[in-house]
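The values are calculated or read from the model by the stated rules, or taken from the named source; none is laboratory data. What you see is a predicted model, and the numbers here were worked out from it, not measured in a lab. Reconstructed Cβ throughout: ideal geometry from the backbone, glycine too, with neighbour counts over all protein chains shown.
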Number of protein chains: 2
Amino acid sequence: MKKRSLPLSQVYKLLEPGPVLLVTTSSGGRPNVMAMSWHAMMEFEPPLVGCVLSGRNYSFEALEATGECVLNVPTEELALKVAGCGNTSGRRKDKFAAFGLTPAPASLVAPPRIAECYANLECRVVDRRLVEDYNFFVLEVVKAWIDPSVKEPRTLHHRGRGAFMVAGKTLRLPSKAK
Amino acid sequence: MKKRSLPLSQVYKLLEPGPVLLVTTSSGGRPNVMAMSWHAMMEFEPPLVGCVLSGRNYSFEALEATGECVLNVPTEELALKVAGCGNTSGRRKDKFAAFGLTPAPASLVAPPRIAECYANLECRVVDRRLVEDYNFFVLEVVKAWIDPSVKEPRTLHHRGRGAFMVAGKTLRLPSKAK
């Protein structure tokens, strides 16, 4: 999978449909990955993304400490790995090895990108005002990568308790908006 | 479409997959509706939802002034109405009449529910700390309604510029999480 840089103005198109993400962090040189669905776009450019990482997650500690993560967008063929990441903690397990995910170097942040995901968004925390009350971080996407061969990604959308909706057909309707 | 009350603990299942929502507000007794995709779950129960309403939208003023809205979840058959709502302003137009949407009374807030949407979430603003910088409101869902006959809703997910992904098949995978 050969990826290219994606203009930051296009990032919202990846996240606005609401896919499950794999969030990578790195703490003390040790990378980790978790599944995450509680995210929202907050600005087009520079792209801002708000997200909640449960305080019970090992990844929360790493994001809180380092202020860096990568949001990786998985598609249908990774569904079992995504569910596996969601069901285990990285506190005592190397989830990259356990689920056969390949870490690839990011360009501007320490956490790795996941090679198997068709898109990767390198992020830095820019606002922590709602972390204490809601574990809600505001991230700025500083660099985006995409596999340009994926036109209509079959992303995963969590309906709760392990039920994942897979992206279906696309309707194209008249639009005045972005 | 006969709706019943949905336990608040189940609300996350409706929003976590990331569907486009129709947000209804009411200002001076006049209801309005807009399409919105920038939302994220922030807590299971009571359910909290963070969302961005552009400051250019007439609905922003109403939500800011009244602190109340209803999040309505449309499905595929409403796609043209959703795109229409997204392409027009309620400042000078009655969008309910223009797009053939039926307002139905909510039980705890002033803005109407949309009868044609299979689920309706009555909300109050509970945190405005990020409104000034990002137009980001934290809402609490105080009452939820659902049409129990809709098991796998064909929700709409905006990919940008009028391209809407329609919810496809469901995978059921092992889960330890909610």
Item to check | Residues satisfying the stated conditions in the range A:1-15, i.e. of a type outside the set (K, R) and out of contact with any Asp or Glu (no Cβ under 6 Å at 6 or more places or on another chain) | outcome: A:S5, A:L6, A:P7, A:Q10, A:V11, A:Y12, A:L14, A:L15
Next on the checklist: Of the residues B:V109, B:V166, only one is in contact with a Ser or Thr (Cβ under 9 Å, 6 or more places away or on another chain), in contact (Cβ under 8 Å) with a residue 40 or more places away in the chain and more than 22 Å from B:N32 (Cα to Cα); which?
Outcome noted: B:V166
Item to check | Candidate set: the range B:25-57, residues that are under 21 Å from A:L139 (Cα atoms), surrounded by 23 or more Cβ atoms within 10 Å (Cβ to Cβ) and in contact (Cβ under 8 Å) with a residue 60 or more places away in the chain; chosen: the one farthest from the chain's Cα centre (by Cα) | outcome: B:M42
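For every residue, the table says whether it meets (1) within 19 Å of B:E45 (Cα to Cα); (2) touching a residue at least 24 places away in the same chain (Cβ under 8 Å).
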{"residue": "B:C69", "(1), (2)": "yes, yes"}
{"residue": "B:T88", "(1), (2)": "no, no"}
{"residue": "B:G100", "(1), (2)": "no, no"}
{"residue": "B:C117", "(1), (2)": "no, yes"}
{"residue": "B:W145", "(1), (2)": "yes, yes"}
Next on the checklist: Can you tell me which residue is farthest from the other protein chains (Cβ to nearest Cβ) among those in the range B:146-159 that are surrounded by 17 or more Cβ atoms within 10 Å (Cβ to Cβ) and not charged (D, E, K, R)?
Outcome noted: B:I146
Item to check | Residues satisfying the stated conditions in the range A:89-107, i.e. more than 26 Å from A:K151 (Cα to Cα), outside any helix (DSSP H, G or I) and either hydroxyl-bearing (S, T, Y) or in contact with a strand residue (DSSP E or B) (Cβ under 6 Å, 6 or more places away or on another chain) (or both) | outcome: A:S89, A:G90
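From A:G55, A:G86, grab the single residue that is in a helix (DSSP H, G or I) and at pLDDT below 95.
Testing whether each residue is in a helix (DSSP H, G or I) and at pLDDT below 95 leaves just A:G86.
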Checklist entry - Inside the range B:121-145, can you point out the residues that are more than 13 Å from chain A (Cβ to nearest Cβ), surrounded by fewer than 22 Cβ atoms within 10 Å (Cβ to Cβ) and under 22 Å from B:V82 (Cα atoms)? => result B:W145
Next on the checklist: When you check B:L22 against the structure, is it in contact (Cβ under 8 Å) with a residue 24 or more places away in the chain, away from every other protein chain (no Cβ under 14 Å) and within 14 Å of the chain's Cα centre (by Cα), yes or no?
Outcome noted: yes
Item to check | Restricting the range B:85-120 to residues that are closer than 22 Å to B:G55 by Cβ and small (G, A, S), the residue that is nearest to the other protein chains (Cβ to nearest Cβ) | outcome: B:G86
